[in-house]
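S.K.: Submitted below is the structure of interest, expressed as C-alpha cells.
The values are calculated or read from the model by the stated rules, or taken from the named source; none is laboratory data. No experiment lies behind these values; they were computed from the predicted model shown. Because the Cβ atoms are built from the backbone with ideal geometry, glycine has one as well, and the counts that use them run over all protein chains shown.
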Amino acid sequence: MERELKIKKDSNKWRVVLVVSGVISNVLLFLISNHFKLPFFLDTIGTIVSAVVGGLFPGILTAVLSNTICAFIDDNSLYFMFVNVLVAIYASGTVNYSNFKKIKKAIIFALTAGAFSGFMGAVTQRVLFGVTENPVVGDLIIPLERTFGFTPIGSFYVACILINLLDKAITTFVAYLVVFFTPPDEAEEVLNSGWKQKPLSVEELKRIRNWDKDIKMSSSTRMALTLVGASLILVFIMGWIGISLYFESEKEERVENAWNATEFAVNVIVPSQMYDFISNGRDDANYTNFEYLLSTIRDNAYGVNHIYVIRAEDSGVRYIFDMAYEDKETPYEPGELIKYKDMKNLPPKEELFKGEYVYKETRGFGTWTMSVFNPVLNSEGDVICHVGADVSLAYMAVYMRTFIFKVVVILAGFFVLIVAYALWTTDVYSTYPISSMAEMLDRFSKGSDSQQQLDENVREIRALNIHTGDETEKLYRSICNLTLSQAEQMRSIRRLSESTAKMQDGLIMTMADMVENRDYDMGAHVQRTTAIVRIVLDSLKKKGYYAEKLTPKFMSDVIRSAPLYDVGKIKVPNEILFKPGKLTDEEFEIVKTHAIEGKKILDNAISTSNGDNYLKEARNMAAYHHERWDGSGYPEGLHGEVIPLSARIMAIADVFDDITSDRVYRKAYSFDKAIEIMESFSGTVFDPKCLEAFMDALPEIKVIMMKYGNNGI
C-alpha cells in the first residue's frame, strides 16, 4: 500500500532576515564609528549574533557582505574582511546560543577574539601599509615604548591588540544582550530553518558520526577538498598568468620609456660639446643646464630611475653626465673613467664602438635592471658617446608581493564564504539526509523483525521529512514506500503464518488427543504436561540457565510441539496399553518401543514438511523423554547434557503428572509425596538445573494441576 508523503516546504527566510539585520547593524555602526573618528569600528556585532544564532554560514556571509559594503566608505575594509570571517568561524565553532548566554563563555570569547583580531590586524597593517591606519594606535606606541620598554614594532602590536580588546569587549557585550533577549523558540526556529529534513539533535548527530566513522572519506570532506583544490589551482594559474602578463607589460612599457627618454636626450645633445664637458666638467657654463635637462627627462619618464651619458674607450667608459638616485647617492664625476670589469650593466665595448642601439638586462640576487644605450653620432657618423638609461624592476617585486598579499587577503574572505556555502549545501542536501537514511536502515536491519518494530521503523523513517527537491528526496520517498510495503507485507505474512500455526497446533492437539483417548486413565495429561513444560522453560529463563539455548524460537517450538511427545504410543497394542495390572518384562519392552516409534513418525513428518524446527523438537521429546540424567534410561542410554534439553524438561513434566494422577493399577500420590519423589530423582533421573527450575515454579504448577482437575492436588 502506497501513501503519499506530506513534505513540509521549509525556507531560509529567517536566516535571510538574520543576515540582513546583521549586515545593516554592522554597516550602520561602522558609519557612526568612521564619522566620529572612534578608535574602534564595532562592525562585528551583527556577525557574532548571526554566527551564534544562525550558525557558521550565516556568520561568514554576514562578515563578507558587511566588509564589502563598508569598502565603499573605506577602501581598507576589504583587507580586514578575512579577520572578521575568522571571528565568525570562531563564534560559531566555540559558542552557540545556549553557551553564549553564559557570562563566562562570553568573556572568554571577547578576550580571545580581541587578541586574535588585534594581532591579525597588526600583521595586515604592517604588510600592506607599513604604518598604522588608526591614529589612536599611533598615539599609544610612544607611551608603551617609554613605560614598558617595548620596541616600536612590539608597541605597535600591543597597541593594536589593546584597541581590539576594547572593540571586542563592547561588541561582545552588545551581542550578548541581543542573544540574551532573543527567545529560545525563535532562536531555534532560525537555526533550524536551513534544514532540508527534520532537524537533527546533538545526540542524533553524534550517532550518525559514530556510525560513519569507519568511512574513509565523507562526501562533505571530498567536496571540500575538491572545491578547495580546484579553486586553489585555478587561482594559482590565473594569478600566475595575470602577474606574468602584468609584469611583462610593465617591463615593456618601462623599457620603451627608457628608449624614448634616451632618444629625446640624444636629440638635444650637441656632440661637439661633449669633449668640453669631459675636459671642463661642471666648470663649463652649459654643463649645469644640460644636467638639469637630463634630470627633467628622467623624472618625466615613467619607470626610468637612472639616466647618464658615457663615452666608450678602450680601457673603459668615461662618464660625462651622471646623477644621483635612490640606489646611488654618489654619482660619478664628469670625465671619471670606469673599467669595464667594474660595470656589470654595460654591454661589451665592441657593441658600443659599433654605434648601434644596445640593450642589456642584468639579473642578480635582489636586482633586476634593464639598461638601454642610445648612440650620439656627429655629422660624419662617428660615435661620440652614448646616452644610457636604467630601468630597475627590483622594487616591482616588492610591489608585487604587496599586491599579491592584498589579493590573497581580499580573496580569502570570499574563498572561505564559497567553501562554507558548498559545505553547507552538501551537508543539508546530501550528507545529512543520506547519512540519516543509511544509519536508520542499518539500525533497522540489526533490530528485531517484530511487527511492532517494523511499524515503528515506518514512523521513524517518515519522520525524517527529507525535502531537498532532488534525487535525494526521490530516494527518500522510495525508501519510505519500500519500508511501508515491507511492513504491510510482513503483516500479511504474519497473519498467514499465525493462521497456519493455529491450524498446525490444532492438528497437533488432534493427534495428541487421538493417542490420549486410547488410554482412559490419561485425562487432561497432554494439557498439563504442555503447561508444565512452558512453566519450566520460563523458570529456566529467569534463572539464567542454558541462556544460549533458551531463545524465543526454541521456547516456542518446544511449547508448540510438546503435545506430540507420546505420539509413538499409537503403535503400542491396545491389550498392552490398556492392561489393568502390572506389565510383564516382554510387555514393558513393547511399551518402551513407543519412543523409537514416535521418533520414526515425526522423522517422516519432518521429511514431508521440509524440516520445520518445532517438529525437530517434537522428535527430540518423543525419542528421548525416557532418557535419564545418569545414562540408565532408554532407548539410547544418553546421559547428562547429551540428552536434548526439550526432552529433559518433558521428562520432569511427564513423571510429575504421572505420579500425581490416578491409574487403574494405583492411586495418585499426594502433592507433597510427589515432590519428595521428584527431589529424590535429582542428578539421577532428572537434570538438576531443570528440576530446580521446576521446584521454583511449584505455585504456578499447582494452579495448572487444579485447572485441569488433577486428583493429586
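S.K.: Going by what's in this entry, would residue 630 be described as surrounded by fewer than 24 Cβ atoms within 10 Å (Cβ to Cβ) and within 18 Å of residue 675 (Cα to Cα)?
M.R.: Taking the combined requirement at face value, the residue does not satisfy it.
S.K.: Of these, 603, 630, 658, 612, which one is within 18 Å of residue 528 (Cβ to Cβ) and either of a type in the set (D, E, K, R) or modelled with pLDDT under 90 (or both)?
M.R.: On inspection, the qualifying residue turns out to be 658.
S.K.: Got at least one residue in the range 339-356 being under 15 Å from residue 390 (Cβ atoms) and modelled with pLDDT of 90 or more?
M.R.: no
S.K.: Which of the following residues is buried (at least 17 other Cβ atoms within 10 Å of the Cβ) and not small (Gly, Ala, Ser): 72, 119, 80?
M.R.: The unique qualifying residue is 80.
S.K.: Is it the case, given these coordinates, that residue 615 is without any contact (Cβ under 8 Å) to a residue 24 or more places away in the chain, touching a helix residue (DSSP H, G or I) at 6+ places or on another chain (Cβ under 8 Å), hydrophobic (A, V, I, L, M, F, W, C) and surrounded by 18 or more Cβ atoms within 10 Å (Cβ to Cβ)?
M.R.: No: the conditions fail for residue 615.
S.K.: Tell me the residue from 495, 462, 443 that is of a type in the set (D, E, K, R), part of a helix (DSSP H, G or I), more than 30 Å from residue 83 (Cα to Cα) and over 28 Å from the mean Cα position of the chain (by Cα), please.
M.R.: Unique residue meeting the criteria: 495.
S.K.: Name the residue that is farthest from residue 296 (Cα to Cα), counting only residues in the range 239-258 that are touching a residue at least 60 places away in the same chain (Cβ under 8 Å) and surrounded by fewer than 17 Cβ atoms within 10 Å (Cβ to Cβ).
M.R.: 239
S.K.: Answer yes or no as to whether residue 138 is free of Cβ contacts under 8 Å to residues at least 60 places away in the same chain, crowded, with 23+ Cβ neighbours inside 10 Å and within 22 Å of residue 162 (Cβ to Cβ).
M.R.: So residue 138 does not fit the description; no.
S.K.: For the range 370-384, indicate whether the set of residues that are surrounded by fewer than 13 Cβ atoms within 10 Å (Cβ to Cβ) and of a type in the set (Ser, Thr, Tyr) is non-empty.
M.R.: Within the range 370-384, one or more residues are surrounded by fewer than 13 Cβ atoms within 10 Å (Cβ to Cβ) and of a type in the set (Ser, Thr, Tyr).
S.K.: Another question, then. Would you point out the residue of the range 635-669, among those that are farther than 24 Å from residue 549 by Cβ, of a type in the set (Ser, Thr, Tyr) and surrounded by 13 or more Cβ atoms within 10 Å (Cβ to Cβ), that is farthest from the chain's Cα centre (by Cα)?
M.R.: Within the range 635-669, the match that is farthest from the chain's Cα centre (by Cα) is 669.
S.K.: Can you tell me which residues in the range 299-346 are assigned to a loop (DSSP other than H, G, I, E, B) and either crowded, with 18+ Cβ neighbours inside 10 Å or not assigned by TED's automatic domain parsing to the domain that holds residue 367 (or both)?
M.R.: 301, 303, 304, 305, 316, 322, 332, 334, 346
S.K.: Same structure again: Are any of the residues in the range 391-401 out of contact with any helix residue (DSSP H, G or I) (no Cβ under 7 Å at 6 or more places or on another chain), in contact (Cβ under 8 Å) with a residue 12 or more places away in the chain and in a strand (DSSP E or B)?
M.R.: yes
Matching residues to (1) buried (at least 16 other Cβ atoms within 10 Å of the Cβ); (2) closer than 16 Å to residue 654 by Cβ; (3) not assigned by TED's automatic domain parsing to the domain that holds residue 647:
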position	(1), (2), (3)
570	no, no, no
584	no, no, no
591	yes, yes, no
601	yes, no, no
623	yes, yes, no
626	yes, yes, no
